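The values are calculated or read from the model by the stated rules, or taken from the named source; none is laboratory data. Predicted model, so just to flag it, every value in this text is computed and none were measured. Note: ideal-geometry Cβ built from the backbone for every residue, glycine included; neighbour counts use all protein chains shown. Protein only, heavy atoms only, side chains kept; ligands, DNA and RNA dropped before computing areas. Shrake-Rupley method; radii C 1.70, N 1.55, O 1.52, S 1.80 Å.
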Amino acid sequence: MPKEICYHCGAECNNDKVIFDGKPFCCNGCKTVYEILNQNELSCYYDLDQSPGTIPTEIKGKYDYLDNEEIAEKIIEFNDGTTSVVNFFVPSIHCSSCIWVLENLDRLNKGVRTSIVNFPKKEARITFKNEEISLKQVVELMTSIGYEPNINLESAEKSKLKIDRTLIYQVAIAGFAFGNIMLLSFPGYFELDEFWLNRFKPFFHLLMFGFSIPVVTYSARDYFISAYKGLKHGILNIDVPISLGILVLFFRSSYEIFTHTGQGYFDSLSGLVFFLLLGKVFQQKTYSFLSFERDYKSYFPIAITRIDPKDNSHHSIAVHNIEQGDRLLIRNEEIVPVDGIMISGNALLDYSFVTGESLPVTKKSGDKIFAGGKQTNGAIEMEALQTVTQSYLTQLWSNDIFSKTTDKSIKSLTDRMSKYFTIIILAIALISGLYWFFIDKNTAFNVVTAVLIIACPCALALSAPFAFGNMLRIFGKNKFYLKNTDVIENISRIKTMVFDKTGTITTNKNTDISYEGEKLSASETEEVKSVLRSSNHPLSRILFEYLPGNSDKTITDFKEILGKGLQGKVGDHFIRLGSAGFLGMKDEKKLNTYIFIEMDGKVKGKYIFHNVYRKGLKELFKELSKNYRLAILSGDNAGEKETLEKILPPGSEILFNQKPEDKLNYIDHLQKEKEQVMMFGDGLNDAGALAQSNVGIAISENINVFSPACDGILDAGRFNDLPKFVKLSKQTITIIKISFILSFTYNLIGMYFAVSGNLSPIIAAILMPISSISVVTFVTLATNYISKRLLN
Amino acid sequence: MNIIFLLMSVSLIIALIFIVLFIKSVKNGQYDDLYTPSVRMLFDDEIVKENDKKDEKELINN
């Protein structure tokens with residue numbers, strides 16, 4: 001029988017489902033929200049989006065602190081005695097129904113006057129009457145319908161970030177001036193000698209001059225500042241020719257109108273500045289779109305285990321869904337994803353990812369623990385103090401400690417080319433200016449300005465970031481989450497691929513487990529399960545799911561020896577689980593993976609894991625072996641040797657009994673032979689090897705194995721798309737090279753026309769931003785096209 | 001045709017008023033969020049049921 005989906009939040013309804021009004025709900029919380037919405041005739045909430053709600057959390061007593069005047073004052077934006085305005089950050093806003101419900105909050109409680117949602121920022125600004133409803137009641141109301149605001153008292157102290165709107169003002173003024181100047185210069189285009197036209201010429205010219213002053217002094221300001229700063233440090237950046245061009249145009253035009261020798265070029269000047277700024281706006285919007293996608297919408301496949309306070313059951317949830325007050329279980333070797341408070345267990349946190357200090361920090365129950373630390377001593381429970389800031393985690397990930405340096409990257413090529421570019425442009429401008437000076441002074445001026453304006457190194461500056469940025473976004477959409485753009489470049493250069501066995505090419509689901517040995521009683525099974533709970537090793541996780549019963553017995557003296565086994569004391573028993581070697585047993589002839597159980601020194605039996613390889617593995621390896629050298633490193637025994645030899649092409653290396661250090665050394669050895677290595681692992685026992693390789697990818701099956709040393713995370717379900725991802729990376733580099741060639745050709749043609757005196761400054765002014773926009777568009781469309789072709 | 005001076009000056013002043021208003025509205029924060037208004041616009045207004053209830057009450061009383 002198919003599982004029913006909760007009408008409110010869309011989660012699967014299991015045994016404790018509630019039926020109300022003929023509709024299924026996964027829990028009482030969702031049913032209550034539905035009731036509230038229904039009673040207040042807000043049920044069209046459900047029409048806007050299917051199952052749009054989120055599960056509300058327990059709220060009794062949680063917000064009593066908001067009754068305190070001082071604290072409330074920190075959060076409230078405005079209060080004049082009768083009406084208050086408060087701006088909340090509501091992380092659960094995710095769709096149009098959310099906007100609708102929150103903006104109709106006044107229907108749920110008359111004390112709320114208005115509420116306005118800012119969807120991109122996930123904020124809700126609520127105006128309420130102090131006498132009819134208190135701040136605490138507003139928060140409780142929002143929580144009861146599933147939109148709990150995230151109240152962070154510390155950040156409430158910081159001053160509001162001023163949004164930088166200067167660029168908008170600059171564009172507005174430049175555009176305003178441009179339009180008006182064009183209108184004013186229109187009569188002058190005809191070059192007629194008409195009495196009335198001549199009478200008003202000075203007046204019109206003066207107006208044009210007046211309009212261009214704010215353009216040059218305000219709108220174009222940034223270019224001058226940047227050029228000046230660069231020159232101060234002896235660097236010639238691309239803003240130098242642009243600033244020169246603007247200044248030349250301005251002074252020459254002013255000279256012309258004040259000596260009545262001509263009309264000037266104010267239309268070209270303002271047009272140039274306007275189009276340049278438009279290009280900047282376009283660039284800014286795209287960057288912020290890309291980073292918004294990355295921070296808020298892209299797939300970040302890190303899961304965390306949440307403990308349901310009612311029945312102590314464990315649920316694996318994605319990190320986005322962590323809410324304040326959630327009780328989380330952090331296993332051995334897992335990373336703390338949010339700031340929180342320690343509840344139980346022995347916290348021994350390794351903050352080397354955050355601070356670089358590898359000395360672990362001890363924390364007791366009640367202490368505050370910060371996100372980013374890795375737990376190294378058994379399992380702990382903590383209460384989340386806030387929701388996950390994905391941007392913090394991605395920032396952690398991009399930390400300089402983990403960046404891998406490459407010398408021959410696209411970036412260094414760009415830097416070298418741009419250095420020569422400006423010098424060459426200035427030289428050409430000077431030479432052609434001098435040449436024409438002796439022939440026709442007017443043309444000389446046209447030529448110099450046209451040369452300075454038309455030359456655009458936009459491909460250099462723009463194509464690489466846009467291509468990589470877009471590719472990163474597309475990969476993220478396809479569940480291949482990369483750390484940053486350098487990874488794409490590194491992937492395009494690899495020659496060898498190394499795979500870990502357990503958890504990487506074998507799947508953790510559908511594993512066949514059988515038990516041989518002395519039967520364990522129910523309480524003994526629970527004790528074993530309690531020890532297993534603390535470990536994050538794929539085998540421990542599988543066995544934990546497989547064993548029945550609870551796992552809440554207290555463990556003392558927990559120790560996990562990576563790659564070998566676990567041990568811990570539960571009640572009176574001292575339990576050890578692990579490989580035969582770990583337990584000191586003789587190595588039998590094995591064909592499968594075993595976990596042996598030892599209680600109080602006596603081996604009780606063993607669990608036999610029948611390896612299940614991922615579907616399509618053979619075809620995948622066949623495809624990859626066409627272009628790459630393959631190798632498999634396994635921490636297990638050689639029992640799987642024959643199976644693996646059948647899957648891999650002949651000549652590939654298959655090594656067994658590899659400890660984490662062995663894996664690292666193997667990669668290092670390959671690199672010493674000038675091989676570029678890409679390593680795939682589960683992120684746990686191969687953290688060192690992943691860091692050592694040129695590209696280290698962790699295969700995620702909803703497990704919290706976020707290791708900042710890895711360069712990317714690939715969802716296990718998309719494992720078979722691996723050849724496509726690698727191919728796309730290579731093609732991206734090709735696209736960037738093509739865009740360089742395109743831009744170079746464009747510059748050559750433009751230069752030809754400019755130097756031969758055939759290019760008027762205004763045409764140059766229009767063409768320049770068009771060239772940047774066309775390069776960017778080409779790169780974006782090309783990357784979209786190749787990925788659509790391969791991935792869809 | 002000297003009227004041109006006056007015409008130009010007046011239209012200039014009007015144009016300047018517009019640019020000033022634009023800058024003021026941007027400063028006010030109107031354009032910070034470009035996405036939510038596009039969604040908000042599409043919400044339906046609820047059919048006001050209050051009048052029906054009031055009519056019903058009157059009928060019962062009379």
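Taking every alpha-carbon pair under 8 Å whose residues sit at least 6 apart, segment A:192-287 reaches a relative contact order of 26 percent. Rg/Rh for segment A:714-792 stands at 1.22; both radii use Cα atoms, and Rh follows the Kirkwood definition. Peptide A:720-731 has a mean shielding of 0, counted as Cβ atoms of other protein chains within 10 Å of each residue's Cβ. Hydrodynamic radius of segment A:447-507 by the Kirkwood approach over all distinct alpha-carbon pairs: 15.0 Å. Peptide B:29-38 has a mean of 4 when you count, residue by residue, the C-beta atoms of other protein chains within 10 Å of its C-beta. With 29 Å as the limit, write out which pairs from A:K618/A:K727; A:K659/A:K788; A:K564/A:K602; A:K559/A:K602; A:K519/A:K615; A:K602/A:K641 have Cα-Cα distances beyond it, or answer none. Pairs exceeding 29 Å: A:K659/A:K788; A:K519/A:K615; A:K602/A:K641.
With a ≥ b ≥ c taken as the square roots of the eigenvalues of the C-alpha gyration tensor of segment A:174-233, please select rounded if a/c is under 1.5 and otherwise prolate if a/b is larger than b/c or oblate if it is not? Since a/c reaches 1.5 and a/b is larger than b/c, the shape of segment A:174-233 is classed as prolate. Just round it to a whole percent: the fraction of Cα-Cα distances in segment A:96-148 exceeding 16 Å. Counting every Cα pair in segment A:96-148, those more than 16 Å apart make up 32 percent. The HN-Hα couplings worked out from phi for segment A:215-228 by the Karplus form 6.51 cos²θ - 1.76 cosθ + 1.60 (θ = phi - 60°) are 5, 6, 7, 10, 5, 8, 4, 4, 5, 5, 4, 5, 5, 4 Hz, whole numbers, x standing for Gly and Pro. Packing order of peptides A:732-741, A:611-620, A:782-791, highest average first: A:732-741, A:782-791, A:611-620 (average count of other Cβ atoms within 10 Å over each peptide's residues).
Legend: residues in segment B:1-28 shielded by at least 30 square angstrom of accessible surface upon adding the remaining protein chains to the isolated chain (1.4 Å probe, heavy atoms) are B:M1, B:N2, B:I4, B:F5, B:M8, B:L12, B:A15, B:I19, B:F22, B:I23, B:V26, B:K27. Chains B and A together bury roughly 2400 Å² of accessible surface, counting both sides and using a 1.4 Å probe on protein heavy atoms.
Once Rg and the Kirkwood radius are both taken over the C-alpha atoms of segment A:230-289, their ratio Rg/Rh works out to 1.14. The mean count of C-beta atoms from other chains within 10 Å of the C-beta of residues in A:115-121, rounded to a whole number, is 4. Normalised Debye scattering of segment A:636-679 at q = 0.16, 0.17 Å⁻¹ gives log10 I(q)/I(0) of -0.52, -0.58, counting only Cα atoms as equal scatterers and leaving out solvent. By DSSP, the beta bridges lying fully in segment A:496-641 are antiparallel in about 85 percent of cases.
Note down the net charge around A:A347, summing +1 for each Lys or Arg and -1 for each Asp or Glu among other residues with Cβ under 14 Å from its Cβ. Residues near A:A347 contribute -2 overall.
Report D for segment A:516-666 in µm² per second (integer): Stokes-Einstein, Kirkwood Rh on Cα pairs, 25 °C, 0.890 mPa s. Spell out each step's value before the answer.
On the way: Rh = 17.1 Å.
Translational D for this selection: 144 µm²/s.
Taking a quarter of the surface of the Cα convex hull of segment A:467-540 gives a mean projected area of 8.2 nm². Relative to the globular-protein estimate of 2.2 N^0.38 Å, the Cα radius of gyration of segment A:421-546 stands at 2.36.
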